[in-house]
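If you scroll down you'll find the structure; I have some questions about it.
Bear in mind that the values in this text are calculations on the coordinates, not laboratory data. Owing to the predicted nature of the structure, the values given are computational and were not obtained by experimental measurement. Please note: Cβ atoms are built from the backbone with ideal geometry, for glycine as well, and neighbour counts cover all protein chains shown.
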Amino acid sequence: MSKSIQLNTRNAETKSNMNQARKEGRIPAVLYGIGQDTLSVEVNEKEIMNILSTNPRAILQGKTPDEKAVSIIVQNIQKDVMSGKLLHIDFHIVNMSVSMDSKVTIHFAGEAIGVKSGGMLQVELHEVEVRCMPGDLPSSMEVDISGLAIGEQLLVSDLAFKEGIEVLTASDSVIVQVVTVQEEVEEPVVAEEVATVTE
């Protein structure tokens, strides 16, 4: 079930007003989409942080200040480079009757037998790009890696999405592999001999 989020009216867009809003836990945002004029809004920081921590690409049910319900996704996030705190969010209206491109996060389950044997797990991809109807977009994909031995890998083509989901990431792309740990061999230190010249 889609999570809902309240989009509240934002006050005058001055720097001081937006800084004050952030201090009070209100994050400035905009809402836009086809047939929709860009709307300046703000959202509750705790509410949006909870959503971003569980599924940042979820399709949400947004309620606009005039009580209109719209299907939206988080299109862009601006954060403070130093503190990591949210500064601004772009919400995009989703047409639920038209397919969309998005990304699905991959979660790995289990411990690879190759790691237990002394190998090292090397993750190449944390997400794959897909195309599907908005209502079919999975929140994530869980992959069991417990059977991977040293030298084995998991490809995008090994993922099993339900019917109706087209994977856009190249099928031969490596998602994760178990590699041999390369131990650094220290070269012996050779003492330099100082030649003594006898006249």
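Per the helix-only calculation at 222 nm, which mean residue ellipticity applies to the chain, given -39500 (n - 2.57) for every DSSP H run of n ≥ 4 and division by its residues, nearest 500 deg cm²/dmol?
After summing the helix terms and dividing by residue count, I get -3000 deg cm²/dmol.
Cα gyration tensor of the stretch 4-93, axes a ≥ b ≥ c as square roots of the eigenvalues: rounded (a/c below 1.5), prolate (a/b > b/c) or oblate? Present the calculation step by step, with values, prior to reporting the outcome.
Numbers: a/c = 1.70, a/b = 1.20, b/c = 1.41.
Since a/c reaches 1.5 but b/c is at least a/b, the shape of the stretch 4-93 is classed as oblate.
Could you state the angle between the C-alpha long axis of helix 45-54 and the longest principal axis of the C-alpha atoms of the chain, as a value from 0 to 90 degrees rounded to the nearest 10?
In the chain, helix 45-54 runs at an angle near 50 degrees to the longest axis.
Turning to a different aspect of this structure: Give me the net charge of GLN153's neighbourhood, meaning all other residues with Cβ under 13 Å from the Cβ of GLN153; Lys, Arg count +1, Asp, Glu -1.
Every neighbour counted, the sum reads -4.
Cross-link list LYS46/LYS79; LYS3/LYS68; LYS15/LYS79; LYS68/LYS103: which exceed 23 angstrom alpha carbon to alpha carbon?
LYS68/LYS103
Work through the residues other than SER71 whose Cβ is under 12 Å from its Cβ and net out their charges, Lys, Arg +1 and Asp, Glu -1.
Once positives and negatives cancel, what remains is +3.
Note down the magnitude of the dipole of the chain about its Cα centre, charges +1 on Lys and Arg C-beta and -1 on Asp and Glu C-beta and zero elsewhere, to the nearest 20 debye. Kindly include the intermediate steps, with their values, before the conclusion.
Values: 16 positive and 30 negative charges, 364 e Å.
Here the size comes out at about 1740 debye.
Here is a follow-up. May I ask what percent, to the nearest 5, of DSSP beta bridges between residues of the chain are antiparallel?
Approximately 75 percent, going by the DSSP bridge assignments.
Shifting gears a bit: Quick check: convex hull over the Cα atoms of the stretch 100-179, volume per residue in Å³, rounded to an integer?
Cα-based convex hull of the stretch 100-179, divided per residue, equals 73 Å³.
How high is the relative contact order of the stretch 37-193, given as a whole-number percent (alpha carbon pairs under 8 Å, six or more residues apart)?
19 percent
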